[in-house]
Amino acid sequence: MSKKNVRFVLFCLFVAAVVALDQWTKWLVLENIPLYQKVEAIPGLFYLTYVQNTGAAFSVFEGMRWLFIIIFTVLTIAVIFEYFKSPLGFTAFERWCIAAIYGGGLGNMIDRIRLGYVVDMIATDFMEFPVFNVADMFITCGCIAMMVSLVFFNKEFWKDEKKK
């Protein structure tokens, strides 16, 4: 098997692990916490609650499931294209970040298609922030880590091919 194919298999396995963890935590919430009930987890830090989210963070694009499906489809095409047709010069770490982002997106997409909404369950006590889930954490951390890597560590990514 080629190195490219091995990388893609590892990508898929990591995505599957992210989706499995996300869906398992959502299943636990659906089975154990009634809608909008608060369950203290770590007092002063965060609590669990079951919320149905038909939009994105801060309720943007609420009720626009079709938009999320289109965005996720474009992301899927971009990932496949990047892996098999036109590599963009991402480092191995950045590919793991992409897998985290994609896995989180897939976890939320499964909810949108299956339930019509995303199951959110983690709420912070120490700051005003929308309720979120495990998939959202992978998306956010993956994006932040990738931006830091691209800006500070992967100077090759930004080189203009035309200068050669």
So TYR47 clears everything in (1) out of contact with any Lys or Arg (no Cβ under 6 Å at 6 or more places or on another chain); (2) closer than 17 Å to PHE132 by Cβ; (3) of a type in the set (Ser, Thr, Tyr) except one condition, right? Which one? (1)
Which pairs do you get when a residue that is in contact (Cβ under 8 Å) with a residue 12 or more places away in the chain, found in region 127-151, comes within reach of a residue that is not in a helix (DSSP H, G or I), reach meaning Cβ atoms under 6 angstrom, with the pair 6+ apart or on two chains? VAL131/VAL51; VAL131/ASP120; VAL131/ALA123; PHE132/ASP120; PHE132/ILE122; ASN133/ASP120; ASN133/MET121
Consider region 11-40. How many of its residues are touching a residue at least 24 places away in the same chain (Cβ under 8 Å) and not β-branched (Val, Ile, Thr)? 10
Scan region 98-107 and give yes if some residue there is over 16 Å from THR140 (Cβ atoms) and either out of contact with any strand residue (DSSP E or B) (no Cβ under 9 Å at 6 or more places or on another chain) or among the hydrophobic types (A, V, I, L, M, F, W, C) (or both), otherwise no. no
Number of the exception - TRP158 against (1) over 21 Å from GLU62 (Cα atoms); (2) open to solvent by less than 50 Å² (accessible area, probe 1.4 Å): (2)
Take the conditions open to solvent by 30 Å² or more (accessible area, probe 1.4 Å), at pLDDT below 95 and in a helix (DSSP H, G or I) and apply them to GLU128. Does it pass? no
How many of the residues in region 116-125 are out of contact with any Asp or Glu (no Cβ under 6 Å at 6 or more places or on another chain) and either farther than 21 Å from GLU31 by Cβ or assigned to a strand (DSSP E or B) (or both)? 6
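The values are calculated or read from the model by the stated rules, or taken from the named source; none is laboratory data. Note that the structure is predicted; figures quoted are calculated from it, not measured. Because the Cβ atoms are built from the backbone with ideal geometry, glycine has one as well, and the counts that use them run over all protein chains shown. Keep in mind that these areas ignore ligands, DNA and RNA; they rest on the heavy atoms of the full protein, side chains included. Shrake-Rupley method; radii C 1.70, N 1.55, O 1.52, S 1.80 Å.
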